[in-house]
Amino acid sequence: MHTLSRALVAATLYCVTLGYASTCSAQQTTLPAPDRILAHDVFQQLIETNTSHSVGSTTAAAEAMRKRLLDAGFTPADVVVIGPDARHGNLVAHYRAAPGSTKKPMLIIAHLDVVEAKREDWTTDPFQFIEKDGFFYGRGTQDMKDSDAASVVNFIRLKREGFVPDRDIILALTAGEEGGEANGVDWLLKTHRDLIDAGFAINPDSGGLTTHDAKPVELGVEATEKLYADFQLTALNPGGHSSIPTKDNALYHVADALGKIENYTFPFELNEVTRAYFVAMSKAIKGQQAADMKAIAAASPDPAAEARLSAVPLYNSTMRTTCVATMMSAGHAPNALPQSAQANVNCRILPGHTPGEVRKKLTALIADPKVEVKLVTDVASDSGENDKSITPPPLNKEVFDALHNVVDQMFPGVPIIPEMETGASDSKLTMAAGIPSYGFSGMGIDDNDERAHGKDERIRVESYYAGVQFDYLFLKRLTGGK
Ligand SMILES: [Zn+2]
């Protein structure tokens, strides 16, 4: 989960080097006092309900949130807890639009489960909600009970205000994102599609607001993803004594194959999201790189600009499929010719392309019948020969208009950067189901304080409250409010 590029992008976007100090104003918190108390209590309740796969229960957390929503006036028919078994319940809540609304519903997906956390690894008890030195500590404070809590708080707050959205808002708080066999988004799509069907989805698990010393730097919006695939290269050989070598050597075959992959560059290709990424980045940075980004986003991209940007690994991986050697093993004795040699090549494939295509390309490139190229299918990933990540549609204008509006209000000058990442969140499921999905939240995490899945997970107290307020303003703006 969370942005791979967060630290990388932040490194290029320090306020000082950008030269516009206004982006570096302190994070504004305008969450009203009563809502701060509610936001605190909901967050605490979620953190102190263990939802880890080993001993926890998302059902317990889902039921607690259901009770809060019912107390706030939602009807039992509109707030259900369902799941494949007793410990992996999902909450689905419908905030109804005015009768006669013709807009397709919007969906918010947020996972309730957390990664395991051992008391002895942590400074504090990971399942106690502790406020210390300006931070909230606990498992899930970053990933992602902060956003679970914000969604519930904002449903309650909007309901109390009598707000009626111009489209249904569906909230799905789900199980099994971090592991196990009960992924809630997958289960809901397969068994209750009608309950969560929507025109688009917001998933606060990916993308997000990066801060530096608590000051907002950039807001990443995950809007498409690459596909993960491993390929195994294998060469076999009868072997023999190394005192009488032959040129036909399994190790050399695989080494030569890797050399060919090293020297190959997949074609340059942008999609709606990566083009928008480079356009947004070209405005956020300065100098040659900014000009190059503008040049490659144009109708006829400049090859010289593309070559210069390709030297930066993050930009390179944004412009093309990449394949890289990651593991190797060969031989069985120092004095014997190797009977087998193997290497693993890890590929990150652009949307719209399949592992099958890439395997054919690698096979043609290697052009050696003694080297077998096989797609590895036993990893916990999504790679089958014909799988692909959906080619992203144009960015949803309503979503981005609302986002720009709220960013201008709360974090003026902070750039909004559409991103392509490798599929690491539930968005890959909703996107595959034809629901365009956008990953972001207003919960600021410092570029050097990424603790999701790690020990002493924490979020700055004021970043949390600002995030709740951000999500509130965004939700209201997107559904017809002012
Ligand atoms: Zn997560």
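The values are calculated or read from the model by the stated rules, or taken from the named source; none is laboratory data. Keep in mind it's a predicted model, so treat the numbers as computed, not measured. Reconstructed Cβ throughout: ideal geometry from the backbone, glycine too, with neighbour counts over all protein chains shown. Ligands, DNA and RNA are stripped out before the accessible areas are found, and what is left, the full protein with its side chains, is counted by its heavy atoms. Shrake-Rupley method; radii C 1.70, N 1.55, O 1.52, S 1.80 Å.
In the stretch 262-337, what chymotrypsin sites (Phe, Trp or Tyr not before Pro) fall in a loop by DSSP, with at most 15 other Cβ atoms inside 10 Å?
Tyr264, Phe268
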Subject >> Accessible area (Å², per residue) of the stretch 191-242, counting only protein heavy atoms and a probe of 1.4 Å >> reply: 28 Å²
Subject >> Spin-label pair Asp125/Ala60, simplified geometry with 7 Å Cα→Cβ offset, distance in nm >> reply: 1.2 nm
Original post:
Cα centroid distance between the stretch 438-482 and the stretch 181-242, in Å?
Top reply: 20 Å
Original post:
Counting DSSP beta bridges with both partners in the stretch 107-253, what percentage is antiparallel, nearest 5?
Top reply: 55 percent
Subject >> Cβ-Cβ FRET estimate between Leu314 and Asn344, R0 fixed at 30 Å, reported to 0.05 >> reply: 0.85
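Looking at the stretch 214-296 from every direction and averaging, what is the projected area of its Cα convex hull in nm²? Could you put the intermediate results ahead of the total?
Numbers: hull surface 42.4 nm².
Spelled out: convex hull of the Cα atoms, projected over all directions, averaged, 10.6 nm².
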Subject >> For Asp426, solvent-accessible area (1.4 Å; no DNA, RNA or ligand), Å² >> reply: 10 Å²
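Tell me, in nm to one decimal, what length is gained between Lys104 and Asp368 on full extension, where the rule is 0.36 nm per residue of separation less the Cα-Cα distance?
Length gained between Lys104 and Asp368: 89.8 nm.
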**OP:** Specify the longest stretch of the chain that does not include any exposed loop site, a site being one of the GluC sites (Glu not before Pro) with a non-H, G, I, E, B DSSP assignment and at most 12 other Cβ atoms within 10 Å.
**Re:** 182-482
Original post:
Counting only protein heavy atoms, what percent of the accessible surface of the chain is carbon or sulfur at a 1.4 Å probe?
Top reply: 55 percent
Original post:
So how tilted is helix 397-410 from the main axis of the chain? Cα-based, degrees 0 to 90, rounded to 10.
Top reply: 70 degrees
Original post:
Taking Lys104 as the anchor, which aspartates and glutamates have their alpha carbon closer than 16 Å to its alpha carbon, excluding any fewer than eight residues away along the same chain?
Top reply: Asp166, Asp168, Asp194, Asp197, Glu398
Original post:
Once you put a point 7 Å from the Cα of Ala33 and another 7 Å from the Cα of Tyr252, both along the Cβ direction, what distance in nm separates them?
Top reply: 8.2 nm
Subject >> Cross-link table Lys294/Lys397; Lys118/Lys215; Lys103/Lys283, entries beyond 26 Å C-alpha to C-alpha >> reply: Lys118/Lys215; Lys103/Lys283
Original post:
Cross-link partners among lysines for Lys247, C-alpha distance below 16 Å, same-chain residues fewer than 8 apart left out?
Top reply: Lys370
Original post:
Hey, what number do you get for the chain at 222 nm if only DSSP H runs of n ≥ 4 count, each worth -39500 (n - 2.57), divided across all residues, to the nearest 500?
Top reply: -10500 deg cm²/dmol
Original post:
Accessible area per residue, 1.4 Å probe, Å², for the stretch 307-439: what's the number?
Top reply: 44 Å²
Subject >> Selected from Phe231, Gln289, Leu209, residue furthest toward positive end of dipole (the stretch 198-318; charges at beta carbon) >> reply: Gln289
Original post:
Magnitude of the Cβ-charge dipole of the chain, K/R +1 and D/E -1, about the Cα centre, nearest 20 debye?
Top reply: 860 debye
Subject >> Label-point separation, Asp302 to Thr422 (7 Å along Cα→Cβ), nm >> reply: 3.2 nm
Original post:
If you take every DSSP beta bridge whose two residues both sit in the chain, what share of them, in percent to the nearest 5, is antiparallel?
Top reply: 70 percent
Original post:
Rounded to the nearest whole Å², what accessible area per residue is found for the stretch 115-177 with the 1.4 Å probe?
Top reply: 32 Å²
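Please give the FRET efficiency for Phe268 paired with Asn405, using the beta carbon to beta carbon distance and R0 = 35 Å, rounded to the nearest 0.05.
Plugging the Cβ-Cβ distance into 1/(1 + (r/R0)^6) gives 0.55.
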